[in-house]
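**Student:** One structure is given below, represented as structure tokens, and several questions about it will come after.
The values are calculated or read from the model by the stated rules, or taken from the named source; none is laboratory data. Small disclaimer: the values here were computed from a predicted structure and weren't measured. Virtual Cβ from ideal backbone geometry, glycine too; neighbours counted across all protein chains shown. Ligands, DNA and RNA are stripped out before the accessible areas are found, and what is left, the full protein with its side chains, is counted by its heavy atoms. Shrake-Rupley method; radii C 1.70, N 1.55, O 1.52, S 1.80 Å.
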Amino acid sequence: MSRMKLTNANLLETLESPEYAHVLALFMEKKARKKEIVFPPHGHENNVIIVKGGRVRVYLAFGDKEFTLSILEPGDVFSTHTRAYLQCLEDSTFLVCGAERFLQIITQYPAFTLSIIQVLGNLLQNSITIINGLAFKDVTERLAEFFVHTAEEKGIVTAEGIKLKLGLNVEQIAMLVGASRQTVSALLNDLAKAGILYKVDQRTIVITNMEFLRGLV
Ligand code: HEM
């Protein structure tokens, strides 16, 4: 099932248009570097942020475990008053505004709520997948489920099989499925040896036997 796209790509465009100059003026711009935890959990300032450029991982961390809840892209809205960490996957730029003020903005311009719904929908989807996986599935099933979902969302059909440009390395995939990097790396090697998939580069794989992965989910 592909996710209904409530596109927010034009949220930034709208915000940067002359009619919205007075709204844009309510935001401060903030830049952060790749890998930086730009907003820690429960920041003392209660802000709403819009990703202007880059990609940002939203995750929960307990001890040595991490769970990625969402990956934010340009136009996505989030807040600093959650239990999640926000870490830049690339050098990123943010538009930052106090939550109270943002509440006034969305009352006046309901279009902003589309981005919020999309982001929270994605966060909820990943949260349900994580709960489901932790409660009912082992790591192999979780990894298979991740590949099946990703293939449905953005797989490219090629003569060799379904190509997945994951945009994530093994460590980042491990965090998404809630397992260690070593476990995921070993599973990927097993799947490659069994001819189910092969690696094209660090962040790209081709799945040659999709039916096998579907059978695991
Ligand atoms: C418009 C201004 C906003 C206000 C006034 C607001 C208010 C709140 C309040 C009162 C809570 C409960 C906090 C607590 O239990 O300590 C909350 C939680 C939360 N908010 Fe907001 N919020 C706003 C915007 C947003 C936006 C834009 C997002 C993301 C797109 C967001 C995501 C969340 C999440 C994920 C939680 C749960 C946090 C957790 O339990 O870890 N909020 N918000």
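**Student:** Kindly indicate whether any position in segment 56-79 is modelled with pLDDT under 95, over 19 Å from residue 168 (Cα atoms) and away from the ligand (no atom under 16 Å from the Cβ).
**Tutor:** Yes, segment 56-79 contains at least one residue that is modelled with pLDDT under 95, over 19 Å from residue 168 (Cα atoms) and away from the ligand (no atom under 16 Å from the Cβ).
**Student:** Being away from the ligand (no atom under 11 Å from the Cβ) and not β-branched (Val, Ile, Thr) is the filter here, so list the residues in segment 90-113 that pass it.
**Tutor:** Hits for segment 90-113 are 90, 91, 92, 94, 95, 108, 109, 110, 111.
**Student:** Out of everything in segment 193-211 that is among the hydrophobic types (A, V, I, L, M, F, W, C) and at pLDDT 90 or above, what residue ends up being nearest to the chain's Cα centre (by Cα)?
**Tutor:** Ranking the qualifying residues of segment 193-211, first place goes to 205.
**Student:** Follow-up question, since we're still on this one. Just one of 167, 133 is open to solvent by less than 70 Å² (accessible area, probe 1.4 Å) and closer than 18 Å to residue 215 by Cα; which is it?
**Tutor:** So the residue among 167, 133 that is open to solvent by less than 70 Å² (accessible area, probe 1.4 Å) and closer than 18 Å to residue 215 by Cα is 133.
**Student:** Quick check, is residue 142 open to solvent by 50 Å² or more (accessible area, probe 1.4 Å) and either more than 23 Å from residue 90 (Cα to Cα) or outside the structural domain of residue 72 (by TED's automatic domain parsing) (or both)?
**Tutor:** no
**Student:** Next up: Quick test for you: out of 119, 38, pick the one residue that is within 20 Å of residue 172 (Cβ to Cβ), touching a residue at least 12 places away in the same chain (Cβ under 8 Å), among the β-branched types (Val, Ile, Thr) and within 12 Å of the ligand (Cβ to nearest atom). Outline the logic, then answer.
**Tutor:** On the way: 38 fails: within 12 Å of the ligand (Cβ to nearest atom).
Matching residue, one of 119, 38: 119.
**Student:** Further question on the same structure: So the check is Cβ under 6 Å with 6+ separation or different chains; which pairs have a first residue in segment 189-217 that's in contact (Cβ under 8 Å) with a residue 24 or more places away in the chain and a second one that's loosely packed, with under 15 Cβ neighbours inside 10 Å and of a type in the set (Asp, Glu)?
**Tutor:** Going by the 6 Å Cβ cut-off, the qualifying pairs are 206/160.
For every residue, the table says whether it meets (1) outside any strand (DSSP E or B); (2) under 23 Å from residue 167 (Cβ atoms); (3) touching a residue at least 24 places away in the same chain (Cβ under 8 Å).
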residue	(1), (2), (3)
22	yes, no, no
29	no, no, yes
34	yes, yes, yes
45	yes, no, yes
50	no, yes, yes
57	no, yes, yes
66	no, yes, yes
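**Student:** Mind checking which residues of segment 41-55 are away from the ligand (no atom under 12 Å from the Cβ) and closer than 23 Å to residue 168 by Cα?
**Tutor:** Those that are away from the ligand (no atom under 12 Å from the Cβ) and closer than 23 Å to residue 168 by Cα: 52, 53, 54, 55.
**Student:** Let me ask another. Assess whether residue 53 counts as being over 28 Å from residue 143 (Cα atoms) and at pLDDT 95 or above.
**Tutor:** Values: over 28 Å from residue 143 (Cα atoms): yes; at pLDDT 95 or above: yes.
Yes, satisfied.
**Student:** Among the numbered criteria (1) under 18 Å from residue 175 (Cβ atoms); (2) more than 12 Å from the ligand (Cβ to nearest atom); (3) out of contact with any Ser or Thr (no Cβ under 8 Å at 6 or more places or on another chain); (4) open to solvent by 50 Å² or more (accessible area, probe 1.4 Å), which single criterion is violated by residue 28?
**Tutor:** If we test residue 28 against (1) under 18 Å from residue 175 (Cβ atoms); (2) more than 12 Å from the ligand (Cβ to nearest atom); (3) out of contact with any Ser or Thr (no Cβ under 8 Å at 6 or more places or on another chain); (4) open to solvent by 50 Å² or more (accessible area, probe 1.4 Å), just (1) comes out false.
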